[in-house]
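Each value in this text was obtained by applying a stated rule to the coordinates, not by laboratory testing. Because the structure is a prediction, the values reported are computed rather than measured. Every residue, glycine among them, receives a Cβ derived from its backbone with ideal geometry; neighbour counts consider all protein chains shown.
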RNA sequence: UGCCUGGUCGUUCAACGGCAGGACAACGGACUUUGACUCCGUUAAUCGUGGUUCGAAUCCACGCCGGGCAA
């Protein structure tokens, strides 16, 4: 896909002075959202500084076909740099490979080997991306940090609330539940009140170059986008095959390592039995994968770790709240007491290692990582 | 190897002597800043050889293979 010419960008030269001389570091990804965020802020009069983080990613497996599934590809960097050039603002590319490797990639591998299913993007946002960006913002002595994430911030009762985006289909509060007051007080999310379609429209109206970076992304640090093969490479191609069993006890086949599967998974199992089968259990001690026709038993409560409450304090245990256990997943009723979350109804596909985010209406209160799940009774 | 029974996509189950169809798997796509779930699409089969018939997966004979019963 070709970029359009950058000459159209002269219209972004601003007549007005930045209000109060405020400056903002804008996190750029090379995509359309962060580009529009930067343009809007510049238009509003901020002194914009473009920053892009370079995360660790696996070396391309095949030099003939460079991986295009990564978030910091050279073309994405080029797009971000071109944008800054056209806006006539500085651009910094910040190396963050080390912390990303340590805090996202290595735990990702460890999690799978430990039979849980990690959420690398949640860890990245909470432990690498935003801390690093804020560090850069401090170093550059900027007033604010901004990103193109689709969430809204509102202040009441001396507390910053993170609200779901107006465009709920693009809402990204789930991914940002790990942020706190100290961080949020200097962060701007200009797109929280925008609809994605309007962002696209605005971008084309104003001649923002069409991004070469696809809107959607899989695991950004894996060359071929296949996490199973990535784990094979990381673990030295060791296989630890074991039996695949039906819940009724029948042996259905053989697996090549439990990390190839996640609870609730249906496709890619390689066994045919005339009916659809789902992963209902992974047993490390016997190295056994168990499948069943009805999927894993629904969960009625769970325990969280790595909890963050955006407002600083946990919600009242008696309050009826909503929760989400998957990015853009269905919301369900819960109540929260300490690190325990009790569901109003049994919920399928709540999996250890994944994030659970708690909401009061549109207000994202925070959340945690699912450590253990319980079915009714226990 | 004297009796009975069965052999259809990779697997499994259908099809009155009249266009071989479904389910599951596999593959592709949509969706998606995590793994999944979900949705859409594609590929793919009558054990072999003869015979009866306008027409055979279907009926007949023989063979091959798999089950079962049987001193």
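Descriptive notes on the structure:
- Neighbour-count order for A:220, A:159, A:302, fewest beta carbons within 10 angstrom listed first: A:159, A:220, A:302
- Taking the fewest neighbouring Cβ atoms within 10 Å as the starting point, the ordered list for A:123, A:303, A:330 is A:330, A:303, A:123.
- Under Stokes-Einstein, with the Kirkwood radius over Cα pairs as Rh, the value for chain A at 10 °C and 1.306 mPa s is 71 µm²/s.
- Relative contact order for region A:264-374, counting Cα pairs under 8 Å that sit 6 or more residues apart, in percent: 27
- Residue exposure sequence - A:155, A:162 - by fewest surrounding Cβ within 10 Å: A:155, A:162
- Counting every C-alpha pair in region A:124-268, the share spaced more than 24 angstrom apart comes to 56%.
- Cα gyration tensor, region A:235-378 - rounded (a/c under 1.5), prolate or oblate: prolate
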